[in-house]
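Everything on this sheet refers to the single structure shown next.
The values are calculated or read from the model by the stated rules, or taken from the named source; none is laboratory data. Just so it is clear, the structure is predicted and the values come from calculations on it, not from any experiment. Counting neighbours? That spans all protein chains shown, and the Cβs are built from the backbone with ideal geometry, glycine included.
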């Protein structure tokens with residue numbers, strides 16, 4: 001890799017790399033993100049490369065292993081460029097046929113095409129798949145174009161041109177006013193205006209300042225930042241460089257979850273490559289700007305997503321938040337001015353510098369500009385990463401992109417914003433999704449997790465789930481969060497186990513409000529949202545648990561019983577074999593029986609039975 | 001554990017207290033857990049009080065203070081996995097291995113852990129077995145995963161025995 005010493009050299013390299021890519025007749029793009037890796041995509045990539053080489057096509061056909069395409073459930077995913085022919089669930093055994101038929105003869109292999117679960121029809125092109133066609137993909141569209149481990153790929157698509165432009169043409173103040181004019185707000189959930197944060201940090205005197213990328217995506221059910229960092233680490237790095245130039249920082253940190261090993265690996269490779277090319281280090285591209293980045297691995301504490309706790313963790317300490325009477329832009333990491341933004345926020349920066357603030361602000365709503373990536377999961381047909389303009393309705397995301405309910409059960413709610421957010425019922429599905437409107441409805445957009453729940457999900461159990469999550473993750477520093485969450489969990493546990501009393505509901509609400517008003521950090525302040533939103537919208541489910549000791553969704557173990565209906569049981573013995581608690585007896589080919597004293601009500605037998613013979617009462 | 005086994009990890013990080021978490025991450029990765037001796041060595045070499053090392057090592061979930069089993073089975077209990085039935089998987093291991101998450105079987109073959117989210121939510125429920133991801137896991141699938149790793153271990157032991165005899 002050549003070392004770039006001045007700005008003109010980057011443009012020359014870019015042209016050279018583009019020229020090199022033009023020599024290839026076509027490209028086979030194969031997803032190598034965490035999701036597709038779980039479905040054996042590394043084996044698929046190796047098999048395709050081997051087959052291409054065997055046929056002597058390696059000078060004509062480029063095989064590119066990329067980061068996540070967002071449609072993880074269909075993995076491994078393969079796209080042919082040009083033309084965007086889309087294959088899904090590809091296995092290594094398909095490699096020979098793919099090269100022989102599709103690459104050489106241009107034929108389409110029907111079995112590998114995607115079937116739309118709504119219409120039942122086969123779809124050949126990526127852009128015709130409803131999951132993709134209803135989206136407004138911008139940040140995610142890069143994922144297909146670059147191999148995350150190749151800085152050349154990123155430079156070839158115009159990468160690092162934004163920092164080059166900033167260094168040679170735009171002074172730091174103008175960079176900040178562009179970011180402000182674009183209306184970019186923090187994608188981590190709080191939605192603080194990024195430009196204002198940068199301006200405040202720039203104004204603080206001092207030479208030692210820091211920028212941090214928060215990739216400690218601890219919200220369960222959210223993985224947008226993992227995908228961005230995994231798929232396009234150089235984009236995030238370039239955003240950080242522009243931010244550092246604007247505020248006057250010379251050192252940056254990427255704080256990334258240890259639970260994301262591929263993101264850690266790709267970020268490390270990217271930093272190393274950027275250093276080797278002189279894009280990190282002293283006097284970048286011949287300018288006066290010097291900047292370097294270190295990777296810090298998170299230790300698996302949810303609270304470290306909070307800015308002050310995260311900074312304590314980078315300092316090698318226990319991740320406990322501190323009061324924010326002095327903001328981190330003034331006294332952050334090692335008490336120096338620090339700008340912390342999350343992965344998606346940083347990733348938006350280079351294109352604002354390249355395309356201008358008005359381009360960015362042309363999408364979105366009045367208060368929330370640009371696009372936002374969501375992780376759509378749970379009980380919908382199409383799950384995966386979804387990028388839409390701010391202001392798109394929940395209905396459009398769940399039904400148009402998500403394809404509606406998965407198991408034939410009606411959709412009941414969407415949980416947004418993770419443990420800090422809430423559950424919104426179907427009646428709120430016409431809410432536009434942006435920073436402000438979901439907060440008004442009692443939830444929050446958060447970093448972008450969106451878990452769809454159907455009639456088989458008990459909302460009291462969901463509240464209990466988040467409370468036990470928060471009890472486990474509360475750092476214990478402040479009393480309201482440490483003890484308040486404990487007491488709320490006790491009450492909700494009573495309710496789910498049939499000991500609930502009507503007066504506990506008002507106590508629960510009062511407690512929830514106190515915790516949110518008096519906790520120290522954002523984690524505690526929002527800890528009550530799952531309880532308050534379910535109490536607000538699913539009052540009747542709480543009432544059924546408390547007054548009738550029943551769980552309408554059939555989830556809460558203490559309130560349900562499993563029985564085998566003799567007329568439907570074929571005596572196949574599958575349930576008997578599956579029951580981990582040895583609670584089922586019966587002779588072969590005769591109806592089986594569940595021993596109530598030994599049944600732990602885990603429901604494993606229900607998922608194993610092929611005759612729908614086991615019922616929940 | 002003597003100082004020299006930690007030498008590669010400590011290289012270039014000595015007397016830098018802020019490197020504590022990174023060093024512990026590497027100790028965890030290389031040795032599978034963080035022993036008392038390792039904590040003492042790290043404390044001395046980085047210039048951090050032992051009590052602070054213990055505080056950090058016990059605060060973060062990434063660190064285990066006890067040796068873990070040969071097979072580490074990590075059940076994702078993130079929201080998306082939860083609504084798709086990851087609690088059934090916990091019931092499965094409780095029944096099959098007679099241990100709770102966070103525990104190791106007596107024979108040292110299995111450790112079961114829960115993680116709040118591995119970020120593969122579209123594929124839930126997800127179980128990570130020794131670093132490799134399994135998607136759409138059902139109790140039955142998990143039973144087979146456990147049986148298989150038990151089987152392989154048994155076969156390995158048998159092979160080792162035959163080789164010895166030869």
Quick one: is residue A:573 more than 36 Å from the chain's Cα centre (by Cα) and surrounded by fewer than 18 Cβ atoms within 10 Å (Cβ to Cβ)?
yes
Of the residues in segment A:309-331, those that are away from chain B (no Cβ under 14 Å) and either modelled with pLDDT of 95 or more or surrounded by fewer than 20 Cβ atoms within 10 Å (Cβ to Cβ) (or both) come to A:322, A:323, A:324, A:325, A:326, A:327, A:330, A:331
Sort through A:529, A:547 and tell me the only one that's within 28 Å of the chain's Cα centre (by Cα), closer than 30 Å to residue A:616 by Cβ and in contact (Cβ under 8 Å) with a residue 40 or more places away in the chain.
A:529
Subset of segment B:102-119, residues touching a strand residue (DSSP E or B) at 6+ places or on another chain (Cβ under 6 Å) and within 11 Å of chain A (Cβ to nearest Cβ), comes to B:113, B:114, B:115, B:118
Determine which single condition residue B:88 fails, assuming it passes every other condition in (1) within 9 Å of chain A (Cβ to nearest Cβ); (2) modelled with pLDDT of 95 or more.
(2)
From the options B:6, B:24, residue that is in contact with a helix residue (DSSP H, G or I) (Cβ under 8 Å, 6 or more places away or on another chain) and at pLDDT below 95:
B:6
Within segment B:62-85, the residues that are in contact with a helix residue (DSSP H, G or I) (Cβ under 9 Å, 6 or more places away or on another chain), within 9 Å of chain A (Cβ to nearest Cβ) and not in a helix (DSSP H, G or I) are B:62, B:63, B:76, B:77, B:78, B:85
Can you give me the number of residues within segment A:578-597 that are under 40 Å from the mean Cα position of the chain (by Cα) and surrounded by 12 or more Cβ atoms within 10 Å (Cβ to Cβ)?
5
Of everything in segment B:142-153, what is within 14 Å of chain A (Cβ to nearest Cβ) and either under 12 Å from residue A:38 (Cα atoms) or in contact (Cβ under 8 Å) with a residue 12 or more places away in the chain (or both)? Give them in sequence order.
B:142, B:143, B:145, B:146
Matching residues in segment B:3-60 - criterion: being part of a loop (DSSP other than H, G, I, E, B) and free of Cβ contacts under 8 Å to residues at least 12 places away in the same chain:
B:11, B:12, B:49
Residues in segment A:414-422: is at least one over 26 Å from residue A:363 (Cα atoms), within 18 Å of the chain's Cα centre (by Cα), modelled with pLDDT of 90 or more and within 12 Å of chain B (Cβ to nearest Cβ)?
no
Are any of the residues in segment A:430-439 surrounded by fewer than 19 Cβ atoms within 10 Å (Cβ to Cβ) and in a strand (DSSP E or B)?
yes
Residue check for residue A:372: touching a strand residue (DSSP E or B) at 6+ places or on another chain (Cβ under 8 Å), at negative phi and modelled with pLDDT of 95 or more:
yes
Within segment A:593-612, which residues are touching a helix residue (DSSP H, G or I) at 6+ places or on another chain (Cβ under 9 Å) and part of a strand (DSSP E or B)?
A:594
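Quick grid of which residues meet (1) within 14 Å of another protein chain (Cβ to nearest Cβ); (2) touching a residue at least 12 places away in the same chain (Cβ under 8 Å):
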site: A:425; (1), (2): no, yes
site: A:430; (1), (2): no, yes
site: A:461; (1), (2): yes, yes
site: A:494; (1), (2): no, no
site: A:513; (1), (2): no, yes
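Test of understanding: among B:1, B:39, which residue is in contact with a helix residue (DSSP H, G or I) (Cβ under 6 Å, 6 or more places away or on another chain) and either modelled with pLDDT under 95 or closer than 21 Å to residue A:303 by Cα (or both)?
Working: B:39 fails: either modelled with pLDDT under 95 or closer than 21 Å to residue A:303 by Cα (or both).
After applying the criteria, what remains is B:1.
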Is segment A:286-305 home to any residue that is surrounded by fewer than 24 Cβ atoms within 10 Å (Cβ to Cβ), in a helix (DSSP H, G or I) and in contact (Cβ under 8 Å) with a residue 12 or more places away in the chain?
yes
Out of segment A:442-471, which residues are surrounded by fewer than 24 Cβ atoms within 10 Å (Cβ to Cβ), over 18 Å from residue A:425 (Cβ atoms) and modelled with pLDDT under 90?
none
The lone condition residue A:120 fails out of (1) more than 30 Å from residue A:200 (Cβ to Cβ); (2) without any contact (Cβ under 8 Å) to a residue 24 or more places away in the chain; (3) not in a loop (DSSP other than H, G, I, E, B) is (3)
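Do any helices (runs of 4 or more DSSP H) entirely within segment A:161-252 hold 1 or more residues that are within 14 Å of chain B (Cβ to nearest Cβ), and if so, which?
Ranges flagged: A:224-231.
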Kindly provide the set of residues from segment A:260-284 that are assigned to a loop (DSSP other than H, G, I, E, B) and either modelled with pLDDT of 95 or more or not assigned by TED's automatic domain parsing to the domain that holds residue A:245 (or both), ordered by number.
A:277, A:278, A:279, A:280, A:282, A:283
Can you go through A:246, A:274, A:263 and tell me which one is touching a residue at least 24 places away in the same chain (Cβ under 8 Å) and either touching a strand residue (DSSP E or B) at 6+ places or on another chain (Cβ under 7 Å) or surrounded by fewer than 24 Cβ atoms within 10 Å (Cβ to Cβ) (or both)?
A:263
